[in-house]
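Contents: one structure, followed by commentary.
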Amino acid sequence: MSPDFLRRRNALWAELRATPPEQPEFEATLGQLMALVGWSRAQVLAGLGLGEAEVPAPHSES
């Protein structure tokens, strides 16, 4: 793993830990981290000590 990858990954984890789940920025950061590391939403939430029931997926407004 490159140092740039590790810096980006660590920065995204730090941002997630600092952002309340109800904030729109949380979902945006969550999506970026999922794409970067190839983990599912449930895996990333588990890494934060959260479950799907605690952070419901946002509903798209069509």
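The values are calculated or read from the model by the stated rules, or taken from the named source; none is laboratory data. In this text the structure is predicted, and so the values were computed from the model without any measurement. Here the Cβ positions follow ideal geometry from the backbone for every residue, glycine too, while neighbour counts run over all protein chains shown. We work out accessible area using only protein heavy atoms, side chains counted, and drop any ligands, DNA or RNA first. Shrake-Rupley method; radii C 1.70, N 1.55, O 1.52, S 1.80 Å.
Looking at the structure I just gave you, is PRO24 under 12 Å from the mean Cα position of the chain (by Cα), at pLDDT below 95 and open to solvent by 90 Å² or more (accessible area, probe 1.4 Å)?
Details: under 12 Å from the mean Cα position of the chain (by Cα): yes; at pLDDT below 95: yes; open to solvent by 90 Å² or more (accessible area, probe 1.4 Å): yes.
Criteria met by PRO24.
Which of the residues that make up the range 8-43 are within 15 Å of GLU54 (Cα to Cα) and of a type in the set (Lys, Arg)?
ARG17, ARG41
Please go through the range 1-20 and pick out each residue that is outside any helix (DSSP H, G or I) and among the small types (Gly, Ala, Ser).
Listed by number, the list holds a single entry, SER2.
If a residue has to be open to solvent by less than 70 Å² (accessible area, probe 1.4 Å) and either at pLDDT 95 or above or under 18 Å from ALA46 (Cβ atoms) (or both) to count, how many in the range 1-19 make the cut?
9
Could you tell me how many of the residues in the range 21-62 are more than 19 Å from LEU6 (Cα to Cα) and not in a helix (DSSP H, G or I)?
Of the residues in the range 21-62, 17 are more than 19 Å from LEU6 (Cα to Cα) and not in a helix (DSSP H, G or I).
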